[in-house]
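First up is the structure itself, then whatever we jot down about it.
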Amino acid sequence: MGIKGLQGFVARVCPDACRTVDLKEMAEKHRIDHPDVLPVIVVDAMSCVRRWYTPESWVCGGQWREYLAVLEDFIETFKAAGIELVFYFDGVVEEKKRDEWIKRRQQNNREIANLFQFIKAHRKQPGREMFVLPSALPTFTRFALKALGQKTVCTLQEADFEVAAYGLQHNCMGILGQDSDYLIYNTSPYFSIEKLCLDRLVTVMYSREDLCRVLGLSMKHLPLFACLLGNDVVPENLLEGFWHKCLVTCSSRNRSYNRRTSIILAVANYISKIPCSYSSLKHLEGMLPLGSDNTLLHRGMESYLLPGQQSPWIPPDARNFKMSSGQEGTAMCRDKEIFQLAKEHHIQSENYAIFNILSNGELECSNSLEDDCDTEIPGQALIYRPARQHIYSVLLESEKDGACPLVKEWFVYCGNTLEQPELIQPLQPPIPGGTPNLKTLWFAKGPDVEKQRYSTFLACFHLQDAMEELQALEAPVAAFCCLLTYLMMQVSSLSLEDLNAFVALILCLRGKSAAELATLQESLYTPFQNLKALICKACALKKRTIQSRPRGNGFITETHQRELNPRFQQTHRSSLVSPYHNQMRGNLWRNPQPQGRRYRSGHSDQRRRFQVPPWMFWHNGLILFTLGLSNEQITTRPARVGIHIASLW
């Protein structure tokens, strides 16, 4: 997450440390110096998502297909220059950084509140200066990059450490990101994603050597320098007294800068005058109000030491280095085979959150784009909690005495102060005969096991009664129907108009490129009615009747209202239209045999563009289901109420 103000300091005070470089030329030089390997740039993907995700309609969730096109263009540009990319994503929130994580979530809550106030006051989307990244987007970006054939890694500890370690160990051409911690690590060159001109492959490289020259330090000083400025390990509030002492003794020249720049120069000046020794570090710890946590500075320093590196500030016998978290000895899951497979899949970005649950029984979810003043729909964290409880039960499995360990949840929603995790009790899904053994679900083969996996999945959402109808659908559409039926059953305030918009959404998106979506015409009325009727039928079995409740025009213009197809305003039919007698079956149902004519765009009133109202997408980003039945990664359009559910299998 970096050191506050350091990146700006380098740009203002150390211009020689900001070198404009041509990545194509650097790649060619790297090939000459290392003829046996391709030039590799390791990408801090979490730093880059904000650069990649630039839809104009970002409040409404943006366009998934357009986002995929952006990622593909990014990859192809580097590939054309002979540069291989390796993408790293955060896979865990380390306990030592939990307080900082909470602080940033609370700040995000304030930003989101301001966003909704703007929308209500001005009835339009704000500019990018109020941009809030959808919380699910990094998860979906991982799956998107894997689908595009890229090496994608989900970390076992803080991503910046693993990025720096990979760059050092594999002699990478550089690191692409936007995190001032990469100025501190002694690793590959650090390239700016913010300054990247993609069409020319030109960016800024930040030089650690030039930064040290301006500060009067050496590379071995940088970890201590970072800690004494305040970072994710050493909080700034503990350093105010130390900064004051440094400022008092600094030269008058340094006092002409703003306060943060003056602090940076004063701290560097102080460090340059003390011996590089463990005793100096212990003396500094004595100066700081660390309280009972008197090893905080030590741990902060150690966090910058990559595998194989030493520091004069910390002797080898005083190090407490761990390369990875989630050690088998302390894991919630005692089955080594299951644990190892979950770990491998986590690192390879094959699933989301499962390893964190199996290793330490903990799960977090960042801010969602939810209006805390809107009491009509509860937060997504609460909506999906019943499903998560069933998933926890399947993953953790009850012990012989019937007890199942509690799961610690750090989920951001209105009313949750995040002072401590919520302890969630796993609940067995309603499966006759009990929950299947996890080892069976993961490792066994055969049609009976396939059926058991599917029925277990549906039982987590109380949809096993609709198994036959759902199996007739393609996996992505079935996943969407499971999600939507669950939503309609959990949220009684969702209406028939909401259902219309959601169903139209999946039908409009399927199989369309970004360019085709821009000129989309509606010709999907029959499959629309099929899916809508299936969902209504499943809800009716659970005594949930979906009522029509028009909301007025809201944020929709009168023009858009007139464009809505009146046939989509009908109440649902009581029975399914036969999937084998509709002319769109080739787009929707399994084993398609297309028949009948296809409508061309723009020739019928019933095929006008269906405008999905913006309020459908006020919630965070994207929906992901991975059924695990055919190793198929399933993604759909952003929706108002999002979900982060990974494969059970």
Across Lys24/Lys79; Lys343/Lys439; Lys96/Lys273; Lys4/Lys97; Lys4/Lys96; Lys97/Lys195, pairs whose alpha-carbon gap is larger than 20 Å:
Lys96/Lys273; Lys97/Lys195
For the range 84-99, in order, what is each residue's ³J(HN,Hα) by Karplus, 6.51 cos²θ - 1.76 cosθ + 1.60 with θ = phi - 60°, in whole Hz (x at glycine and Pro)?
8, 10, 10, 9, 10, 10, 4, x, 7, 9, 5, 4, 5, 10, 4, 4
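Tell me the relative contact order for the range 362-472 as a rounded percent, counting alpha carbon contacts under 8 Å between residues six or more apart.
Values: 118 pairs, mean separation 28.8, N = 111.
So the answer I get is 26 percent.
Where only protein heavy atoms count, and the probe is 1.4 Å, what is the accessible area per residue for the range 56-173 in Å²? Provide the component values of the computation, followed by the final result.
Values: 5000 Å² over 118 residues.
Result: 42 Å² of accessible area for each residue.
Sorted by accessible area with a 1.4 angstrom probe, largest first, how do Val86, Val214 fall?
Values: Val86 0, Val214 55 Å².
If we order Val86, Val214 from most to least accessible, we get Val214, Val86.
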Please report, as a whole percent, how much of the solvent-accessible surface of the range 176-267 comes from carbon and sulfur atoms (probe radius 1.4 Å).
52
Phe411 long-range amide H proximity, modeled H, under 5 Å
Cys365, Glu422
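Going from most exposed to least, what order do Lys282, Lys79 have by accessible area with a 1.4 Å probe?
Lys79, Lys282
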Between Cys276 and Ser218, the two model label points (7 Å from Cα along the beta-carbon direction) sit apart by a distance in nm of 0.3
Taking 8 Å as the Cα distance limit and 6 or more residues as the minimum spacing, I'd like the relative contact order of the range 56-201 as a percentage.
27
In debye, nearest 20, what is the charge dipole magnitude of the range 61-110 about its Cα centre with +1 on Lys and Arg Cβ and -1 on Asp and Glu Cβ, if you could check?
440
Taking amide hydrogens as modeled 1.01 Å from N in the peptide plane, which residues meet the under 5 Å criterion relative to Ile3, leaving out close sequence neighbours?
Ser180, Asp181
Take the Cβ-Cβ distance between Met467 and Thr526 as r, set R0 to 30 Å, and report the resulting FRET efficiency rounded to the nearest 0.05.
0.85
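What ranking of Asp293, Asp232 comes out by heavy-atom accessible area, probe 1.4 Å, highest first?
Sorted descending by solvent-accessible area, the residues read Asp293, Asp232.
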Measuring from label point to label point, each 7 Å out along Cα→Cβ, what is the Glu209 to Lys96 span in nm?
3.0
Taking all protein chains in place and a 1.4 Å probe, what share, in percent, of the accessible surface of the range 295-444 do carbon and sulfur account for?
52
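Specify whether the C-alpha gyration tensor of the range 317-468 places it in the rounded, prolate or oblate class, a ≥ b ≥ c being the square roots of the eigenvalues: rounded for a/c under 1.5, otherwise prolate if a/b is larger than b/c and oblate if not. Spell out each step's value before the answer.
Working: a/c = 1.86, a/b = 1.03, b/c = 1.80.
Taking the square roots of the gyration eigenvalues as a ≥ b ≥ c, the range 317-468 is oblate.
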Which far-off residues, 5 or more places away or on another chain, put their amide H under 5 Å from the one on Val43, with H placed in the peptide plane?
Val86, Phe87, Tyr88, Leu176
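The values are calculated or read from the model by the stated rules, or taken from the named source; none is laboratory data. Treat the numbers as computed from the prediction; the structure is a model and nothing was measured. In this analysis, Cβ positions are derived from the backbone assuming ideal geometry, glycine residues included, and neighbour counts consider all displayed protein chains. Only protein heavy atoms, including side chains, enter the accessible area calculation; ligands, DNA and RNA are left aside. Shrake-Rupley method; radii C 1.70, N 1.55, O 1.52, S 1.80 Å.
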